[in-house]
1. If the requirement is being within 14 Å of the chain's Cα centre (by Cα), within 30 Å of residue 130 (Cα to Cα) and modelled with pLDDT under 95, which of these qualifies: 12, 101, 21?
2. Restricting to the stretch 88-110, what's the tally of residues that are assigned to a loop (DSSP other than H, G, I, E, B) and free of Cβ contacts under 8 Å to residues at least 12 places away in the same chain?
3. Hey, among the residues in the stretch 118-140 that are in contact with a helix residue (DSSP H, G or I) (Cβ under 6 Å, 6 or more places away or on another chain) and outside any loop (DSSP other than H, G, I, E, B), which one's surrounded by the most Cβ atoms within 10 Å (Cβ to Cβ)?
4. Report yes if residue 127 is under 12 Å from the mean Cα position of the chain (by Cα), at pLDDT 95 or above and closer than 18 Å to residue 14 by Cβ, otherwise no.
5. Quick check on my filter: what residues within the stretch 57-86 are within 22 Å of residue 17 (Cβ to Cβ) and surrounded by fewer than 16 Cβ atoms within 10 Å (Cβ to Cβ)?
6. Taking the stretch 90-105 as the region of interest, how many residues are surrounded by fewer than 22 Cβ atoms within 10 Å (Cβ to Cβ) and touching a strand residue (DSSP E or B) at 6+ places or on another chain (Cβ under 6 Å)?
7. Can residue 73 be described as within 14 Å of the chain's Cα centre (by Cα), part of a loop (DSSP other than H, G, I, E, B) and at pLDDT 95 or above?
8. Return the only residue of 80, 91 being modelled with pLDDT of 95 or more and in contact with a helix residue (DSSP H, G or I) (Cβ under 6 Å, 6 or more places away or on another chain).
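The values are calculated or read from the model by the stated rules, or taken from the named source; none is laboratory data. Keep in mind that what you see is a predicted model, and the values were worked out from it rather than measured. Cβ: placed from backbone, ideal geometry, glycine included. Neighbour counts: every protein chain shown.
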């Protein structure tokens, strides 16, 4: 897996101060995307042991509320196994920190991924420029949803995250 950046003390991509891993690779190619540089699965840098150490060193800080996986698309088929491994490791090492994931896939297309049960919140759906809405928290267009994953799995119906 490749990545473009590890953002530290981020306040824009989930609740509280977060560490954000920006992965490379996205097949959605949404018009008006804020990160088209991340579309190429071969772009950026190799996510190696040093990058993983940096990620977990930042996540360990007590003022960090959790981690957010973004990109590109963490659920791009090329990224899934590595992202799911990192999610599992995050949950094991830091069970009280929250895990957010941004994806262009709709919930209905990924809900069968057992590995997503370790994710707290998924911001999902393709960005649609014509539906741009700067008044919505955490997503860019009104068709996108911010889903509380645990409540959704428990209830069997989509539960939106309270903003």
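1. Numbers: 101 fails: modelled with pLDDT under 95; 21 fails: modelled with pLDDT under 95.
None of the other options fit; the residue is 12.
2. Restricting attention to the stretch 88-110, the residues satisfying the condition of being assigned to a loop (DSSP other than H, G, I, E, B) are 94-97, 103-106.
Pick out the ones that are also free of Cβ contacts under 8 Å to residues at least 12 places away in the same chain and you get 95-96.
Result for the stretch 88-110: 2.
3. Taking the candidates together, the pick is 122.
4. no
5. 57, 60, 61, 62, 63
6. Within the stretch 90-105, residues that are surrounded by fewer than 22 Cβ atoms within 10 Å (Cβ to Cβ) and touching a strand residue (DSSP E or B) at 6+ places or on another chain (Cβ under 6 Å) number 2.
7. Details: within 14 Å of the chain's Cα centre (by Cα): yes; part of a loop (DSSP other than H, G, I, E, B): yes; at pLDDT 95 or above: yes.
Against the criterion (within 14 Å of the chain's Cα centre (by Cα), part of a loop (DSSP other than H, G, I, E, B) and at pLDDT 95 or above), residue 73 qualifies.
8. On the way: 80 fails: in contact with a helix residue (DSSP H, G or I) (Cβ under 6 Å, 6 or more places away or on another chain).
That would be 91, the only listed residue that is modelled with pLDDT of 95 or more and in contact with a helix residue (DSSP H, G or I) (Cβ under 6 Å, 6 or more places away or on another chain).
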